[in-house]
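The values are calculated or read from the model by the stated rules, or taken from the named source; none is laboratory data. Since this is a predicted model, take the numbers as computed values, not measurements. Note: ideal-geometry Cβ built from the backbone for every residue, glycine included; neighbour counts use all protein chains shown. In case anyone asks, the SASA skips ligands and DNA or RNA and just uses the protein heavy atoms, side chains included. Shrake-Rupley method; radii C 1.70, N 1.55, O 1.52, S 1.80 Å.
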Amino acid sequence: MEVMEEGNLMDRVPILLQRDLEFYQTHQRVLQERLCTGVVGGKLDFPRYASFAAIKMILWWEDEYFASYRKHSGLLHTEKELSEGDFSSVVVKTSDPDKFVGIVTKSADLLLEHLHVLSQESLDHADLSVLTATIGAAALVRNCLNVYLQACTTKICPPKGDEKGGALKISLKQYSQLSEALAERLLDLHCRLLLLYIVQDADALHWEDTEPFFESERGSYTIQMWWLYMCGTKDDLWNSVPPKMAQRIFGGMLNETLSVLTVRYSQIVTSNARAQLHLCDICNLLFCIAELLPHVSESGEAYVGLQLNNQSVIIRDIHAKCRELFYCLLLRGAPLGVLSKVFRKGLENMEMFSSRHGLPSAWIIFALSRMFPKDQSCQWVTEFADLNTNSAIALELKVLLAFPEADWSFLVKVLLMRDAHLTGIILRHLLQHLPSSENFKNVARNSFVEAATESKKCEGFLCRGECFKVSDLLAEDVDPVGQSNCQIVLSLTYLLVALGKAVDIKSCLVKNLEEVGLPGWSDCLDKRQVWNQKRPPWLEAIMHFVYPVLNTTVDMLINAVEAGASMYQAMSLALTCVSEMWDCIPEGLYKVTSLLQDITPVSTRPLSDSVLMQVMFAGLYTELIKTAEKFEKSNEQDKASICYTISEAICSIDEDDKHTDQIDLFLKQAKDSIILETFADSGRRVGGMSAVSTVKIDEIGTADSDRMSHSPPANYAMEMDVGITDFVAEVLASDVLTTDIGKQALKVCYNYLKNNKEWLMEQLATSENDPSPFQGAQGQNIKETKPTLLKTMFYIDQHPFDQLLTGSLKIDYVTWLQTPISLNPERAWLHLSRRCDFQEDAKLTMPEVAMVASITKIMKKRKNYGK
């Protein structure tokens, strides 16, 4: 679409909106552009797509902003671009803050009217694509106005008005209300489609028919088509509207349709021929909800129904309705003989009338039986921490991967919870499947971080380079699986050392290297390998804690040699620089090197017999090689030669006892800066040492024969366990996201979890899938495997529909009816009275008549129950 780019903004806007409306009237769709995937979602909930008109207007606003303030707002440019760019030649007109606010609010009002027209058209024609495009435009403009409002009121001189940014606040409020109103309309549209067309099936819903449905070989089409529609709509919402809005809409759809289905299935009276269909549908429905619920849950706790009073209204409603369906399943599905035996005890002695308050929902334990131990009542679980390790991690993992966008703090929580158990499983597996040492990447030429910082921007609007993933570079590699394994091991090791406790580092990395590491795993720590730039990924991850502080050291060494310093003096200077920089290096480096020192074989001799020295000066060697190659490219051969000479001298820095005193002083300084507080008589271990904590470490790994005391310090470090509270994971995630390698490491780990979800569930013993002998390398998928349409239609996750009819599902009614499920006698009688064998025209044998009479007699006493 061609638009006028010159002239007054208020003259261009009406023309732009007119062209956009003409395009819609001609093509019956809205011209859209994609936003960069790196900015989608987030705190402001950016959309995935927005209309061409909205994006063009924001570009014009940014020009006006620059003309008014002589600097950019930060919306379209990164901090690096703002600091390095020269925008002085861009200004061709002048403006002022007052004029900027006036122009923005007036043009925003015109766009608002335009969006109202488009949204009304979409609602009149029930056009979902136009409605989602309008939502995207409204959400993008809302976020843009929010950025301008912050810039105008806090960072620079605010414009005049009745209040600070008053006009912008009004526009922001209008767009916020519009986006929320359109989301409500989208929810209403989906609910109407579901209720009017999907959940209606005259044949399957003819419950009093004396003929069985489909000869009792399958459940009704209603639940199956509802499941298929919900799965398809979920994918559409995830790929069209802003992520948080998509979750709210999907949650509303789930809650609204579940209300109708719950009332229908709990109140109907079926014929004897269709009673089994009724029970089959309820089972299918509960299994479907168990798979859809993670997409609207905020945590594993909300998923299983713990602490329901603290959960959202929708989560509480869904659990309440599923609980009612489960009551119906038990009381209407249990054989008459089982009911008679249970009710014979009397109302006062029946466990199912006992409260289940504070315990996991019974229906979720039924639907996810593999996630829970054999003691299906789970009466000992009052909080999420009481669940066993595998169950807790599996539940949190399902919720994490069900989000429409990656939640970095939640990812950190999943990777580090329960002593980083999941991280240990992955590392133990992948350390056995790394490429041979000859096939490792040369880190001086293929840096994990530099690939990210030098990446080109995508074509999406608002791209800042955040969309780049280092895993994308492996597509054309000779061994993409092996190199992917290297990236994952590097990423997990970095996160483990940066954020994990000392206990986590020992159990997940050090122990696995010692037990399952390939022969010769420690060769890379020998001083004869300082020069070798093909390092195993776990060692390269540790090096990344050293690289950031070595740039100035390299410059100082080059300058010193140019000034006439000898190699002896240069090495002395290098040791001095490293000592001075020590306080800038995270404590995790000392932890991991101390633990590695304990398991390093005698045959491996690091520099000065210290893994810490080996890591520090191997990192310095790499930085010198990189610098030399840069000088060679710029034809500065003298400086390149100096770099190579210094790097060679590093390899023999500990020979002939030339720097022994200085090296010992540095190692003592490193050791003295770390203080470990141990408590021999500590009770239950609930935490450990955090890499970002203020606690220091001493003698890590040398306290006893186990190389490290497991007693936690009774101080701040113990609070940095991600299992204590959610804010800990948020603090840790925000800390690691400040670095380029941290961002890439989180992306790599998240992609691995998505691509290998089924294998991870098998390792956690929470999947009923048996590994296929025809599959390739387990746990090493580099692409996500999405279910086909046919599989989605006939399977609920990995289980087929209608398990009750096929006999693959056996419900233990006796056990469930003797489990506390917070049922009350009145509700119980309502469900019992609707059983087909409790009806007046039921054809029963004499024993069955007696059992019905006995149960009815007992239930008549329900009014006196509890008095």
Point to revise | Under 5 Å, built H, 5+ apart or other chain: amide partners of Y49 | key: L35
Practice item. List, in the order given, every pair from K441/K630; K398/K754; K534/K747; K413/K743 whose Cα-Cα distance in the structure shown is over 21 Å. Key: K534/K747
Practice item. Using Cα centres only, tell me the gap between segment 582-627 and segment 796-835 in whole Å. Key: 60
Exercise for review: Collect residues whose amide H, placed 1.01 Å from N in the peptide plane, falls under 5 Å from the amide H of I796; neighbours closer than 5 in sequence don't count.
Suggested key: F801
Check your understanding: So for segment 315-367, what are the equivalent ellipsoid semi-axes in whole Å, largest first, each being the square root of 5 times an eigenvalue of the Cα gyration tensor?
Key -> 23, 14, 8
Exercise for review: Quick one: order R535, R862, R19 from most to least accessible surface, probe 1.4 Å.
Suggested key: R19, R862, R535
Review point. In terms of the ratio Rg/(2.2 N^0.38 Å) built on C-alpha atoms, what value belongs to segment 462-609?
Key: 1.22
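Quick one: divide the alpha-carbon radius of gyration of segment 558-669 by 2.2 N^0.38 Å and tell me what you get.
On the way: Rg = 15.0 Å, N = 112, 2.2 N^0.38 = 13.2 Å.
Relative to the rule-of-thumb radius for its length, segment 558-669 sits at 1.13.
Which of the residue pairs K345/K861; K43/K501; K321/K341 have a Cα-Cα distance greater than 20 Å in the structure shown?
Long pairs (Cα-Cα over 20 Å): K43/K501; K321/K341.
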Review point. Largest first, what is the accessible-area ranking of Y221, Y621 with a 1.4 Å probe?
Key: Y221, Y621
Check your understanding: If you take the Cα Rg of segment 406-504 and divide it by 2.2 N^0.38 Å, with N the number of residues, what do you get?
Key -> 1.21
Check your understanding: So how exposed is T210, as accessible area in Å² (1.4 Å probe, rounded to 10)?
Key -> 110
Study note, to complete from the structure: One quarter of the C-alpha convex hull surface, i.e. the mean projected area of segment 267-330 in nm², amounts to 4.6
Point to revise | Ellipsoid semi-axes in whole angstrom, largest first, where each is sqrt(5λ) of the Cα gyration tensor of segment 209-305 | key: 30, 14, 11
Exercise for review: For segment 466-484 and segment 638-672, compute the distance between their C-alpha centroids and round to whole Å.
Suggested key: 36
Review point. What ranking, highest mean first, results for peptides 236-246, 315-325 when packing means the other Cβ atoms within 10 Å averaged over each residue?
Key: 236-246, 315-325
Check your understanding: Quick one: how many Å² of M761 are accessible to a 1.4 Å probe, rounded to 10?
Key -> 10
Study note, to complete from the structure: Calc'd 3J(HN,Hα), segment 30-38, phi into Karplus 6.51 cos²θ - 1.76 cosθ + 1.60 (θ = phi - 60°), Hz, glycine/Pro = x, comes to 9, 5, 10, 10, 7, 8, 4, 5, x
Point to revise | Probe 1.4 Å, all protein chains present, accessible-area order of E64, E208, largest first | key: E208, E64
Review point. Once both axes come from the Cα atoms, what is the angle between helix 660-672 and the longest principal axis of the chain, in degrees from 0 to 90, rounded to 10?
Key: 30
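When all alpha-carbon pairs of segment 298-445 are counted, what percent fall beyond 23 Å?
52
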Practice item. Report the residues of segment 311-354 in range of a label on E184: point 7 Å along Cα→C-beta, backbone N strictly under 17 Å from it. Key: 314
Check your understanding: What figure in square angstrom, to the nearest 10, would you give for the accessible area of E217 with a 1.4 Å probe?
Key -> 120
Review point. What aspartates and glutamates could a cross-link reach from K783, if we take a straight Cα to Cα line under 16 Å and drop same-chain neighbours fewer than 8 places away?
Key: D472, E476, D477, D479, E758
Point to revise | Carbon plus sulfur fraction of accessible area for the chain, probe 1.4 Å, in percent | key: 50
Practice item. With a 10 Å radius around each residue's Cβ, average the other Cβ atoms per peptide and rank 600-607, 292-299, 629-636, highest first. Key: 292-299, 600-607, 629-636
Point to revise | the chain: relative contact order as a whole-number percent, Cα under 8 Å and 6+ apart | key: 16
**Study point:** Cα gyration tensor category, rounded, prolate or oblate, for segment 574-640 with a/c compared to 1.5
**Key:** prolate
Exercise for review: Please calculate how many Å² of accessible area segment 323-444 carries per residue, with a 1.4 Å probe and no DNA, RNA or ligand atoms counted.
Suggested key: 35
Review point. Between S312 and D479, 0.36 nm times their residue separation minus their Cα-Cα distance comes to what?
Key: 55.5 nm
Point to revise | Cα-only radius of gyration and Dmax that characterise segment 473-513, units Å | key: 12.7, 38
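I'd like to compare 784-793, 830-839, 746-755: which one has the highest average count of other Cβ atoms within 10 Å, and what's the full order after that?
Working: 784-793: 11.1, 830-839: 17.8, 746-755: 21.6.
Taking the mean over residues of other Cβ atoms within 10 Å, the ranking is 746-755, 830-839, 784-793.
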**Study point:** Viscosity 1.567 mPa s, temperature 4 °C, Stokes-Einstein D of segment 226-385 from Kirkwood C-alpha radius, µm²/s
**Key:** 76
Study note, to complete from the structure: Between G41 and residues 5 or more places away or on another chain, the pairs with built amide H atoms under 5 Å apart involve F46
Practice item. With a/c under 1.5 counting as rounded, go ahead and sort the chain into rounded, prolate or oblate using the C-alpha gyration tensor (a ≥ b ≥ c being the square roots of the eigenvalues; past the cut-off, prolate if a/b is larger than b/c, else oblate). Key: oblate
